[in-house]
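Below is one structure; the comments refer to it alone.
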Amino acid sequence: MATVKEIADEAAFASTISSLPSSTLAVLYFHAPWAAPCKQMSTVLAALASTYSADAPVVFLSLNAEELPEVSEQYDVTAVPFIVLQKDGRGLETVSGSDAAKVRAAVEKYAGPGSGNASKAALPPAQAVTRPPQPAAANGTNGALDGVRNLAAYTPTAEGPKTAPEYSSGETKEALFKRIGELVKAAPVMLFMKGTPSAPQCGFSRQTVGILREKGIRYGFFNILADDDVRQGLKEFADWPTFPQLWVGGELVGGLDIVREEFENDEDFLKEYSVSGQRNTGGPAAPSTQAQPT
């Protein structure tokens, strides 16, 4: 019978995908160890995979979204569990959340029903996972960007649209880069993240916020899910394809891995932006400490 194969790194993923016959359905399961709904989905997919024979034209691949950031960014993973169905490199359908019936229906739509020994009755019942209502988040730049665009307060919720609203201004690349150049200097330390510090929308952003809070760093933030122009433009502007991105003094430091390494290798990293040297006191900076757009 088929099983769910854990993918260890980006190289293994690329090798596995490139070796699949064009007729094989790939079920890509993005998960994170800290997300409780992923435990349910792991059980669902293991049971579902067992209904197919080992030589069936379908493979189930499990990917830790936090350990494979480039793959997660490639498939636009902003929450887990997240499942992508693709064949011959072409995306067919995505499923977000831990609704077992929806996942089963999507897989069987493209691979047909399984014929293995395990019965569908063995699959856990469908469970809908919804987020509790989120309080309105404060503007991460505390008004410093009002002259540009006040977007940092946007927080996606279960009741909102499936994707963040796109505030596309139709601006030229030159104008967009000028605006991004102002955004990266909007505070001495700027975090471009998915979601807000009070409601991160991906594990990488959540961990970065946790590190900055633990180190007592004051920072401004910008929710890139609220402005697709900035989200896409910043990748080219910074020559850095993934998020979150931490900027200091208008210069890119890097993503989660680099931020973590900087703190591990230099105990004084960002010390000048800490709150009186206290730990676990970091957060969005006050207006008086924010840099103004140029």
For the pairs K5/K109; K39/K235; K39/K109; K185/K215; K5/K102; K102/K194, flag any whose C-alpha to C-alpha distance is greater than 29 Å. K39/K235
If you take the beta carbon distance between T43 and Q232 as r and set R0 to 25 Å, what does 1/(1 + (r/R0)^6) give as a FRET efficiency, to the nearest 0.05? 0.10
If you stretched the chain out fully between L92 and D76, how much longer would it get, using 0.36 nm times the residue separation minus the C-alpha to C-alpha distance? 4.3 nm
Between K173 and R213, 0.36 nm times their residue separation minus their Cα-Cα distance comes to what? 11.0 nm
Take the alpha-carbon positions of the range 20-59, form their convex hull, and give its projected area averaged over all directions (one quarter of the hull surface) in nm². 3.1 nm²
For W240 and A8, extending 7 Å from Cα along the Cα-Cβ vector and measuring point to point gives, in nm, a value of 2.9 nm
Cubic angstrom per residue, convex hull over Cα atoms of the range 17-106: 94 Å³
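Coordinate-derived values only; no laboratory data. The shown structure was predicted, so the numbers you read here are calculated from the model rather than taken from an experiment. We place every Cβ from the backbone using ideal geometry, glycine too, and count neighbours over all the protein chains shown.
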